[in-house]
Amino acid sequence: MTNAPGQRATGAGIRADEREIFFRRAAMATFLWAVVFTAFHFYWFAGGRFGLGDGSQMIPRTRTTADWIWAIGIGVMFAVGISLPVALTRPWGHRIPRWTVLSCLWIGAVLLMVRGGAGLLDTSLRETGLAHRGLTGLTYQQITGDAHPSLNTKVSGSCIDGYFVLGGLLYGRLLLRHRRLFRGAGAA
C-alpha cells in the first residue's frame with residue numbers, strides 16, 4: 001500500500017489518518033447510541049410509555065434511600081456514557097488519564113452486554129419453557145405486573161435488551177479502536 005506524502009504507515013497497512021477516522025466514527029456511533037438511550041430513560045422517568053409495551057408495572061418506583069442512591073449512580077453512568085465518546089475526539093479529552101478511559105469503556109461494555117444478554121436469555125428461557133421463572137427467578141407477574149403479558153410487552157422488552165447489547169458492542173468497539181489508535185501512534 002502506497003502512502004500519500006505526509007501520511008505515516010502503521011501496522012496492518014492502515015494509515016494513521018485512516019485509524020483516526022475509524023476511531024472518530026466509532027466514537028460518534030457510541031455517542032449517538034448513548035444520547036438515544038439516555039433520552040428514552042428520561043422520557044420513561046417522566047411517565048412516557050412508548051417502547052415499554054402495555055404492562056402495568058414496567059417502570060420501577062423509586063421509594064427508598066437505596067433506590068435513590070441507585071438512581072443517582074445510574075445517572076452518573078449516563079453522564080459518563082454520553083460525555084466520554086465526545087471527549088475522546090476533542091483535544092481537551094486527551095487530558096483524561098488513559099487508565100480512566102480504558103476502565104470506563106471496559107465497564108460500560110461489560111455492564112451493557114451482561115444486562116442485555118441476561119435479559120435476552122431470561123426471556124428465551126421463559127418462552128421456550130426451559131425455566132418458568134427465567135434466569136432471574138422472577139415471574140412475568142413480578143416483572144411486568146401481568147401474569148400473561150402481551151406480545152407487545154414481550155417484544156418491547158426484548159428490543160430494549162437488544163439495545164443494551166448493541167450499546168455494549170459499541171462501547172467495546174470504541175475501546176478496541178482507542179487501543180489501536182494509541183498502539184499505532186506509539187509504533188510510528
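The values are calculated or read from the model by the stated rules, or taken from the named source; none is laboratory data. Treat the numbers as computed from the prediction; the structure is a model and nothing was measured. Please note: Cβ atoms are built from the backbone with ideal geometry, for glycine as well, and neighbour counts cover all protein chains shown. The protein model used for the area step is the full one, side chains on, heavy atoms only, and it has no ligands, DNA or RNA in it. Shrake-Rupley method; radii C 1.70, N 1.55, O 1.52, S 1.80 Å.
Along the charge dipole of the range 31-132, which of 102, 40, 62 sits closest to the positive end, that is, farthest toward it, with unit charges on the beta carbon of Lys, Arg, Asp and Glu (+1, +1, -1, -1)?
Farthest along the dipole direction, towards plus: 102.
In whole angstrom, how long is each semi-axis of the equivalent ellipsoid of the range 121-188, when you take the square root of 5 times every eigenvalue of its Cα gyration tensor and sort them from largest down?
40, 12, 8
Using Cα-Cα distances under 8 Å and only pairs 6 or more residues apart, what relative contact order does the range 26-102 have, in percent?
Reported relative contact order: 48 percent.
Taking the dipole about the Cα centre of the range 98-187, with the C-beta of Lys and Arg at +1 and of Asp and Glu at -1, give me whichever of 175, 142, 124 is farthest to the positive side.
Of 175, 142, 124, it is 175.
Taking all protein chains in place and a 1.4 Å probe, what share, in percent, of the accessible surface of the chain do carbon and sulfur account for?
68
Relative contact order for the chain: what is it in percent, counting Cα pairs under 8 Å that are at least 6 residues apart?
It rounds to 36 percent for the chain.
Based on alpha-carbon centroids, what's the gap between the range 111-162 and the range 13-81 in Å, whole number please?
The range 111-162 and the range 13-81 have Cα centres separated by 20 Å.
Can you list the residues, at least 5 places off or on another chain, whose amide H is less than 5 Å from the amide H of residue 15, using H built in the peptide plane?
Counting only residues 5 or more places away or on other chains, the set is 10.
Please work out the ratio of the alpha-carbon Rg of the range 35-115 to 2.2 N^0.38 Å and round it to two decimals.
That ratio works out to 1.32.
Accessible area per residue for the range 30-131 in Å², computed with a 1.4 Å probe and the full protein assembly in place, what is it?
63
Which of the trypsin sites (Lys or Arg not before Pro) found in the range 55-105 are loop residues per DSSP with 12 or fewer other Cβ atoms within 10 Å of their Cβ?
Listed in order of number, the matching sites are 61, 63.
Place the peptides 121-132, 159-170 in order of packing, highest mean first, counting for every residue the other Cβ atoms within 10 Å and averaging per peptide.
For the peptides 121-132, 159-170, the packing ranking is 159-170, 121-132.
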